1. Kindly indicate the residue of segment 1-12 that is in a helix (DSSP H, G or I) and of a type outside the set (A, V, I, L, M) and also most open to solvent (accessible area, probe 1.4 Å) among those meeting that condition.
2. Can you say whether HIS192 is farther than 25 Å from GLY114 by Cα, open to solvent by 70 Å² or more (accessible area, probe 1.4 Å), without any contact (Cβ under 8 Å) to a residue 60 or more places away in the chain and not aromatic (Phe, Trp, Tyr), as far as the supplied structure shows?
3. For segment 195-207, how many residues meet the condition of being over 25 Å from PRO152 (Cα atoms) and either assigned to a helix (DSSP H, G or I) or open to solvent by less than 30 Å² (accessible area, probe 1.4 Å) (or both)?
4. What's the number of the condition GLY114 fails, among (1) at pLDDT 95 or above; (2) open to solvent by less than 50 Å² (accessible area, probe 1.4 Å)?
5. Can you pull out every residue in segment 78-90 that is in contact with a Phe, Trp or Tyr (Cβ under 8 Å, 6 or more places away or on another chain) and either modelled with pLDDT under 95 or over 20 Å from LYS57 (Cβ atoms) (or both)?
6. Kindly list, by first and then second residue, each pair from a residue in segment 147-165 that is within 18 Å of ASP182 (Cβ to Cβ) to a residue that is of a type in the set (Gly, Ala, Ser), limited to pairs with Cβ atoms under 6 Å and residues at least 6 apart or on different chains.
7. Can you tell me how many residues in segment 27-52 are within 22 Å of TYR93 (Cα to Cα) and open to solvent by 60 Å² or more (accessible area, probe 1.4 Å)?
8. Pairs needed: first member in segment 106-130, among the aromatic types (Phe, Trp, Tyr); second member anywhere, modelled with pLDDT of 95 or more and buried (at least 22 other Cβ atoms within 10 Å of the Cβ); C-beta distance under 6 Å; at least 6 residues apart or different chains.
Amino acid sequence: MDIGYEQLIKEGRIEEALAEIFKEIDTNPDQEAHHINAGNLLHQIGRDEEAERFLQKAITLNPGSTSAYYTLANIYYDKERFEEAVRLYLLAYSRNPGDADLNFMLAMSHVHLGETERALQFFETAHNERPEDLEVAFQYGLLCCQIGLYDPAETLLDKVLKSGGNADAEYNMGLLAVMKYDDRQRALEHFHNAIEIQSDHHLAHHAISRFAKEDQHQGR
């Protein structure tokens, strides 16, 4: 389908694009794509109640619309309505279980809900489908680190570190160095790397300060 307002969207002319979308909806009210695009743009500019109405309409027009479920789930996720987000992501997932984005968002939703095992399952699929995605690798590695799966955590975080410039990955690799190897010197190197990347990385500063106090207390 050739949608005339696509160029406006590409140019970032959102309000103009929305005006054209609304015209298209008035002319072709049964075209779900227009409702989905309206929902997407309205969400981008923070008009989520309106966005939800358009996406619900798209689902009514096509109950099998993966895109509508996914977009509405993203709105719920951003509003921290994680259980509702999971329900909609799963509806989209049932039609496309190998999609990396869907698996990643399901994993992140389950992380927020404290459902570790389910999160790991979806992270694994997302990473397998898109191994070059550093955000997937970082979040997957972070969860592995938090629950004591240090070997996969180290592999995943190392992949992120090799790309450079990720203060949080440096910090968490520092924690891993202590927990897995009891290597304080290596940990400190990672904490300092985190601060070099992000000077106000409070967790790294706190870790260095804590190490210094421990050393002082033990007379090192």
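1. The qualifying residue most open to solvent (accessible area, probe 1.4 Å) is LYS10.
2. Yes.
3. 4
4. (2)
5. Within segment 78-90, just PHE82 meets the criteria.
6. Correct list of pairs: ALA153/GLY141; LEU157/GLY141; LEU157/ALA169.
7. 0
8. Sorted first by the residue in segment 106-130, then by its partner, the pairs are PHE122/ASN103; PHE122/LEU106; PHE122/ALA107; PHE123/ALA107; PHE123/TYR140.
The values are calculated or read from the model by the stated rules, or taken from the named source; none is laboratory data. All values reported here derive from a predicted model rather than from experimental measurement. Using ideal geometry, Cβ is built from the backbone for each residue, glycine included, and neighbour counts are taken over all protein chains shown. The protein model used for the area step is the full one, side chains on, heavy atoms only, and it has no ligands, DNA or RNA in it. Shrake-Rupley method; radii C 1.70, N 1.55, O 1.52, S 1.80 Å.
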